[in-house]
Structures are given as structure tokens and as C-alpha cells.
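A short worksheet on the structure shown next.
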């Protein structure tokens, strides 16, 4: 059976926080969850755009300012969410940047690694205790097939200070999303209430491609109609990871088509590098040091 939005269960009484939800995949994810009865929080950098997006969604929708390029903003957003929501059922780490020129966040991190991974790492750590008491709660982190491109976590130069390759830096950030999910799931396993799951949208038509290198623009424009899909379809793997009762912690969902570029969401596998346990633990430790955020769940034992 092909999984579609019709399979999304009712979400009445559930609270869903979605980063980057004013446009693209995040907006489509928010729209469908709200239509199914969830109370949805659009966690966005531009609150004016967030309010415009919220006005286009039928349901209980609010807006929370969140700039993932600033740890100060991440802490402020977490405090704001804690003040208004005593529990969270779904935290969907969706926001991201792709193929940006060499830039840094306000805290000095390479922009793609800082936004896509470290910002979400910190936000999850600051909110996790609101999910842990909630049966069936989930942390869903959006990765990409790009995690396979030049797949490596460059521990000797995480911030790409010696040399910069925008595609390699994006691949590192998306690989980090998966390693974070797998390590988080092992730490959550003993609690038995919250699951960490990953998803990717395939090749979707969103604003994320605006920074694609000039040399790639013409080939991509030719191929896009053949291999890509709209954001409405690209959001389905995230929605399945967030709502399908059969989903298990540590799983990864993506489209079922050729090279997972488009299609209906199914269980997929990630690159061999993403399953490296030592690298996952090392990335976790480095991420804690860089963000200063400690999680309320400890390192998994060998039995877990």
C-alpha cells in the first residue's frame, strides 16, 4: 500500500513544533498536521512571514521566533515554548540551508553545519524534557540524500576553515543529522516514550535550491521536471516519520522512486558512514561542547 496523507491519523490534543515552517516542506508538514487536529507551532526566523503562513493554515497555529544561526535565539525560543506549552508531542527539525557560500553563524560556526545540525541539536536538547513524559512523542529530523555526497564528518576541520566546499559542507551537515538521530535514539531507548526518527524529501522543488552553484543550474533546470516532486509530496516522508503508528525509533524514511528522488514514503537506509557508532558518539560530544547544551538522557549502554 502506498502511504499518502490519507493515512495520517487524527492528531487532536497533540502539540507539534516545526522549524522552518513558513514555506516549502515545513509549511506543508504544518498544514497537514493542523488539518488533522494538532496544535502547530511554526518556529521561524522571520515572524512576519510566519504569521502570513499561519493565516493560510486551517487549524490551531501559532508562531515562535527561532533563528537557528544564533544559540542565544535558540535558548530564547526554547524558553518561549516552555512558557506556553507544558508538553510537546512532535518536534520536527525541518529548517535548513543548502550550498551556501562560505559564511558563519553568529556563534562562528560554518553556516550549514551550524544551522542544519548544531542549531537543531541545541533546540532538541533544550526541549527534550517536554517530550520525555509524553507517550508516543517523537523527534523527527530532516536529512537529505546529499548526506552521501563526500560523506564524512571532518572532525579535524568541522567549520571548514582551511578550505571550503559548499557541497561537501552541506553533505557533512546532513550526515550529522542522521548520526544525531541514531545516537539520540539509543539514548532514548531506555525511556520507552520518545522516539528519534529521520526522513528526507527526495528531490523537491523548494526555495532550498536557491544557492545551487552556477555550474549546476542549467543541468538541474533540465532534469528537475523529470526527477523532482512538489513540496506537497516531499513532505510525506516527514509526515510518515512523525505520525505513522508503525514507525520505530532509529528508522529513516524517504521516497520509493528511482534513487529515492520522488515517490511515496517508505523505510530506507542511509550511507554506511552514518552508522559508525564511534563517529556518532564523537559528534555528540563535540556538539555538546560547541553548543553548551547537555541532554537529559545519558549515553546508551552496550546492551542498548
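Odds and ends about this structure:
- Candidates 223, 188, 267, 184, filtered to the one that is out of contact with any helix residue (DSSP H, G or I) (no Cβ under 6 Å at 6 or more places or on another chain), surrounded by fewer than 18 Cβ atoms within 10 Å (Cβ to Cβ), more than 15 Å from residue 149 (Cα to Cα) and at pLDDT 95 or above: 267
- Checking each residue in segment 110-129 for being over 25 Å from residue 236 (Cα atoms), free of Cβ contacts under 8 Å to residues at least 60 places away in the same chain and assigned to a helix (DSSP H, G or I) picks out 111, 114.
- For segment 112-122, residues that are in contact with a strand residue (DSSP E or B) (Cβ under 6 Å, 6 or more places away or on another chain) and farther than 22 Å from residue 296 by Cα total 0.
- Every residue from segment 236-261 that is in a helix (DSSP H, G or I), touching a residue at least 60 places away in the same chain (Cβ under 8 Å) and more than 18 Å from the chain's Cα centre (by Cα): 259
Here's the yes/no breakdown for (1) at pLDDT below 95; (2) buried (at least 24 other Cβ atoms within 10 Å of the Cβ); (3) farther than 16 Å from residue 138 by Cα; (4) in contact with a strand residue (DSSP E or B) (Cβ under 7 Å, 6 or more places away or on another chain):
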position	(1), (2), (3), (4)
14	no, no, no, yes
30	no, yes, no, yes
34	no, no, yes, yes
38	no, yes, no, yes
51	no, no, yes, yes
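- Condition broken by residue 159, with the remaining ones in (1) touching a strand residue (DSSP E or B) at 6+ places or on another chain (Cβ under 7 Å); (2) part of a helix (DSSP H, G or I) satisfied: (2)
- Subset of segment 95-116 (residues that are buried (at least 24 other Cβ atoms within 10 Å of the Cβ) and closer than 17 Å to residue 26 by Cα): 95, 96, 115, 116
- Identity of the residue in segment 131-150, surrounded by fewer than 21 Cβ atoms within 10 Å (Cβ to Cβ) and in contact (Cβ under 8 Å) with a residue 24 or more places away in the chain, that ends up farthest from residue 243 (Cα to Cα): 148
- Residues of segment 262-292 that turn out to be part of a loop (DSSP other than H, G, I, E, B) and over 18 Å from the mean Cα position of the chain (by Cα), as a count: 5
- Taken together, the residues in segment 63-94 that are surrounded by fewer than 17 Cβ atoms within 10 Å (Cβ to Cβ) and closer than 15 Å to residue 30 by Cβ amount to 0.
The values are calculated or read from the model by the stated rules, or taken from the named source; none is laboratory data. Fair warning: this is a prediction, and the values are worked out from it, not measured in the lab. Using ideal geometry, Cβ is built from the backbone for each residue, glycine included, and neighbour counts are taken over all protein chains shown.
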